[in-house]
Structures are given as structure tokens and as C-alpha cells.
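Presented below is the structure to which this report refers.
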Amino acid sequence: MPLRIALIASAATPILHTLVLILSGQDAIRDPINELSRQEWSGAQTIGLTLFGIAHIALAIGLQGLDRGRLWPYGRAFLAASGAVLFFIAYFFATAETSALRGPNANDPLWVVASLMGLAMGALQPGLSRISPKLGLFSAICLGIWLWLVPLILLVNDSWLGAYERIVGTVYVVWMIGVSAELLHVRAKIVPEPKV
């Protein structure tokens with residue numbers, strides 16, 4: 001059940017984000033993600049971020065019965081911590097003053113969750129590879145892109161900030177959906193569902 005929750009909540013997040021982006025008329029290339037929390041449809045954006053936080057907690061719980069190696073518990077802890085930070089981000093983006101969201105430190109919470117998520121990906125990588133070579137390869141590709149995107153921020157100016165954040169977010173969501181879906185498949189083979 002936790003893996004299903006992780007998959008559904010992760011998939012709902014980009015759907016809600018895209019919906020708010022379209023309805024608010026924001027520029028996906030220029031406008032940062034936090035701008036969507038200040039629009040008429042901001043409630044849907046807040047729900048999306050909260051669902052994504054729930055997905056992290058659910059995935060961390062779902063990984064419990066699939067322990068693989070010394071780093072596995074740390075990966076689960078980093079994943080759960082990322083979820084907790086996402087709850088804070090949803091609250092912060094929805095309640096902060098506009099000046100705070102447009103200030104130089106406005107996206108610091110995103111850097112915190114990105115750092116925690118990078119640590120989670122790295123710590124879980126060896127175990128995911130042992131569970132399924134296909135899953136290991138998928139996760140390694142996502143982690144490689146994630147690490148490549150870190151220094152790229154130095155080249156991004158304000159007119160491209162929205163595009164950069166959405167590229168990072170896409171990799172993030174794809175990893176969450178891919179890992180949840182493949183682990184559901186693997187778990188179904190290990191523990192088949194009872195026939196009715």
C-alpha cells in the first residue's frame with residue numbers, strides 16, 4: 001500500500017503543477033515554482049507539494065521490507081526528511097510575504113530538499129541495483145543527471161530560473177515514479193497478491 005500511495009501522489013504532483021501553471025498564465029521558463037503559490041489557483045499548488053511530501057514518506061515506509069545494505073536505512077531517512085521539508089516548502093510558499101519569495105534566499109528551502117534528495121538517491125543506489133539491475137540503471141541515470149544539474153545553476157540567470165527548476169523537478173518526479181512503480185512490480189513477484 002505505501003508504494004501505491006507513493007506512486008499515485010508522485011504522479012498527481014506534476015499534473016496539479018501543470019494545471020496551475022496553465023490556469024495562472026505563468027511563464028514556465030522565466031517564473032520560478034514559488035510564484036505558483038501566489039496565484040488564484042495556489043491551493044492546488046500547495047496540495048501538489050503536500051502530496052509530493054506524502055509520496056516521500058510513503059516510499060520511505062515502502063522500502064522498509066526491502067532492506068539492501070548498510071546505506072539503505074540512511075537513504076530511507078533522507079527520503080523521509082525530504083518529505084518533511086516539502087511540507088515546510090508547501091507552507092512557506094503559501095504563507096510567506098511576497099518580498100520574501102522574491103528575495104535572494106527565496107528558494108533556499110528548495111536547495112535543502114534537493115540536497116537531501118541527492119543524498120537519498122546516492123544512499124539507495126547500491127540497494128536498488130541489487131533489487132533489480134533495471135531499477136539500478138534507471139536510478140543511476142537519474143542520479144547522474146541530478147548531479148550534472150547542480151553546477152548548471154551557476155549558468156542560469158533569472159530569465160531561465162523557471163525552466164531550470166522545472167527540469168530539476170522533472171528528474172525528481174521521474175525518479176520517484178520510476179522507483180515506486182518498479183518496486184511495486186518487484187514486490188508483486190516476491191509476495192504475490194492473494195487470488196480471490
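Residues that are modelled with pLDDT of 90 or more and hydroxyl-bearing (Ser, Thr, Tyr) occur in the stretch 3-17; there is at least one. Answer with yes or no whether Ala44 is over 24 Å from Leu149 (Cα atoms) and assigned to a helix (DSSP H, G or I). Against the criterion (over 24 Å from Leu149 (Cα atoms) and assigned to a helix (DSSP H, G or I)), Ala44 qualifies.
Of all residues in the stretch 145-175, those that are buried (at least 17 other Cβ atoms within 10 Å of the Cβ), farther than 28 Å from Ala123 by Cα and among the small types (Gly, Ala, Ser) total 1. Return the residue satisfying two criteria in turn: it lies in the stretch 1-57 and is more than 25 Å from Ala80 (Cβ to Cβ) and basic (Lys, Arg), and of such residues it is least open to solvent (accessible area, probe 1.4 Å). That would be Arg38. Output the residue which, of all residues in the stretch 16-35 that are without any contact (Cβ under 8 Å) to a residue 24 or more places away in the chain and assigned to a helix (DSSP H, G or I), is nearest to the chain's Cα centre (by Cα). Among those residues, the one meeting the criterion is Thr18. Across the stretch 47-65, the number of residues qualifying as closer than 17 Å to Arg187 by Cβ and part of a helix (DSSP H, G or I) comes to 8. Do the conditions hold for Arg68, that is, is it within 21 Å of Ser132 (Cα to Cα), open to solvent by 50 Å² or more (accessible area, probe 1.4 Å) and in a helix (DSSP H, G or I)? Judged against the criteria, Arg68 is not a match.
Listed by position, the helices (runs of 4 or more DSSP H) contained in the stretch 80-196 that have at least 3 residues being at pLDDT 90 or above and over 20 Å from Leu51 (Cβ atoms) are 108-131, 133-152. Report whether or not Tyr74 is closer than 18 Å to Gly122 by Cα and part of a helix (DSSP H, G or I). So Tyr74 passes the test. Of the residues Ser82, Ser159, Ser139, Ser115, the single one that is more than 28 Å from Ile5 (Cβ to Cβ) and either out of contact with any His (no Cβ under 9 Å at 6 or more places or on another chain) or not basic (Lys, Arg) (or both) is Ser159.
The values are calculated or read from the model by the stated rules, or taken from the named source; none is laboratory data. Quantities reported herein were computed from a predicted structural model and do not represent experimental measurements. When we count neighbours, we look across all protein chains shown, and the Cβ atoms used for this are built from the backbone with ideal geometry, even at glycine. What goes into the accessible areas is simple: the full protein's heavy atoms, side chains included, and nothing from ligands, DNA or RNA. Shrake-Rupley method; radii C 1.70, N 1.55, O 1.52, S 1.80 Å.
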